[in-house]
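The structure under discussion appears below in the form of structure tokens.
The values are calculated or read from the model by the stated rules, or taken from the named source; none is laboratory data. Source: prediction; values computed, not measured. Neighbour counts run over all protein chains shown; Cβ positions are idealised from the backbone, glycine included. These area figures cover heavy atoms from the full protein model, side chains too; ligands, DNA and RNA do not enter into them. Shrake-Rupley method; radii C 1.70, N 1.55, O 1.52, S 1.80 Å.
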Amino acid sequence: MTRVVAAFDAFKGSLTALEACEATARGVRAAVPGAEVVLVPMADGGEGSLDALLARGGELRSTETVDAIGRPAVAQWTLDGGHAVIELAQAAGLPQVEDAPLRPLEASTAGLGRVVLDALDAGATELTLLLGGSATTDGGAGVLTALGARLTDAAGSPVNAGGGGLGALERIDVTAIDPRALAARWRFVTDVDAPLTGPRGAAAVFGPQKGATPADVATLDAALGRLAGAAATALGVERAAIADVPGAGAAGGAASVLRALTGGEIVAGGAWFAGLVGLDQAVAGSALVLTGEGRFDGQSAGGKVVSVVHAAARAQGVPLCVLAGAVDADAAAAMGVPAISIAAGPADLVGLQRDAADLLAAAAASVARLALR
């Protein structure tokens, strides 16, 4: 029997990773009746990653918390034995606050901290934080405060919430950190390898999409630098161990201090998910691999789902095609992969999002007819 692997990331605003896989399977089976289609929902740590995990099962939990600007919100997470998986975007995500004026200097991860505490109360001894899609650039200060750290200014008063408040930071006191947090095993799953500060850092690269002006970017970068310095002093480590670690700048620097405090590990999201869902085993012996995301562009090569799936297919000599809502031809050429847009012709974003499942199924059918005839 001809076997095809559908290993997709979410199409933001239209399809979850599982829905994208299901639409692809529908198209393949229409074109090649009797084909076996293996569904491998993928993610890279960004928004939608929890949905990809839930496709594999697991106990779903909910926590009443606040969003990045302090409004009531409900965040979902999973618990499997003592392992809690928490998606930052559920508690401090950009989509949650796009209905209000963006507040890049004030947005906080405090809501994420409440979810972490709830997981610890539920008995979690292993915490995996999926970092991506954040509205915040506070270096994880909100989580640290929720866990018991005190971040104070020169007068000994708590600094204001958000990345802007860190501009007054003088000292971090971690003596009252919840001991359960220190005893837990931490993993930080990131979709970027950016450091905390500098021209490739959290503020410079990702601040503008969270509403930061050039002046705000400069303020936030300097504030994150103060956080790194104060944390290094408090933890007795080199500043580089806070600021320069690849992935420390993900989600506004959420893992930068937490990693050093807890001894946790930062892992590349796409590769971590691939191991979790058994991507290599699924690809082995297949006739075709189909993958994709909402937009395939230059960022797709940097550890995103498409690049991880491409590497797995190439290692086993299996043909691959990328199906995406929008395709950058130069990016496809640079990666050396065939890639097609699911748009049947000129279309606006609203139409593409509305019809994404049917368009993806049709594109998958076309590729399957050509590749498997």
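Things to note:
- Accessible surface of the stretch 260-361, 1.4 Å probe, proportion on carbon and sulfur as whole %: 55
- Percent of alpha-carbon pairs separated by more than 14 Å within the stretch 1-40: 41
- Simple label model, 7 Å out from Cα along Cβ direction - Asp80 to Gln299, nm: 2.7
- Dividing the convex hull volume of the alpha carbon atoms of the stretch 184-226 by its residue count gives 91 Å³ per residue.
- Cα→Cβ-extended label distance, 7 Å offset, between Thr233 and Arg314, nm: 4.7
- Residue-level accessible surface for Lys210, protein heavy atoms, 1.4 Å, Å²: 10
- The Cα trace of the stretch 1-98 gives Rg and Dmax of 16.2, 54 Å, the first to one decimal, the second as a whole number.
- Förster radius 35 Å - calculated FRET efficiency between Glu59 and Arg200 (Cβ-Cβ, nearest 0.05): 0.40
- In the stretch 95-240, the convex hull through the Cα atoms has an average projected area of 8.9 nm², a quarter of its surface area.
- Distribution of pairwise C-alpha distances over the stretch 208-324, 10 Å bins, in %: 12, 31, 25, 21, 10, 1
- Highest-MSF residue in the chain out of Ala168, Ala284, Ala334 [GNM, Cα springs under 10 Å]: Ala334
- Were the residues from Arg373 through Asp178 laid out at 0.36 nm apart, the gain over their Cα-Cα distance would be 64.2 nm.
- Accessible surface, the chain, averaged per residue in Å² (probe 1.4 Å): 40
- Split the accessible area of the stretch 200-251 by element, probe 1.4 Å, and carbon with sulfur accounts for 59%.
- Computed extension length for Asp348-Arg71: 96.5 nm, one decimal, from 0.36 nm per residue of separation with the Cα-Cα distance subtracted.
- Intensity falloff of the stretch 74-123 expressed as log10 I(q)/I(0), Debye formula with alpha-carbon point scatterers, at q = 0.14, 0.25, 0.31, 0.32 Å⁻¹: -0.39, -0.92, -1.22, -1.27
- Computed on the stretch 25-65, the Cα convex hull volume stands at 104 Å³ per residue.
- Our helix-only sum for the chain, with -39,500 (n - 2.57) per DSSP H run of n ≥ 4 divided by its residues, gives a mean residue ellipticity at 222 nm of -10500 deg cm²/dmol.
- Counting only the Cα atoms, the chain fills a convex hull of 134 Å³ per residue.
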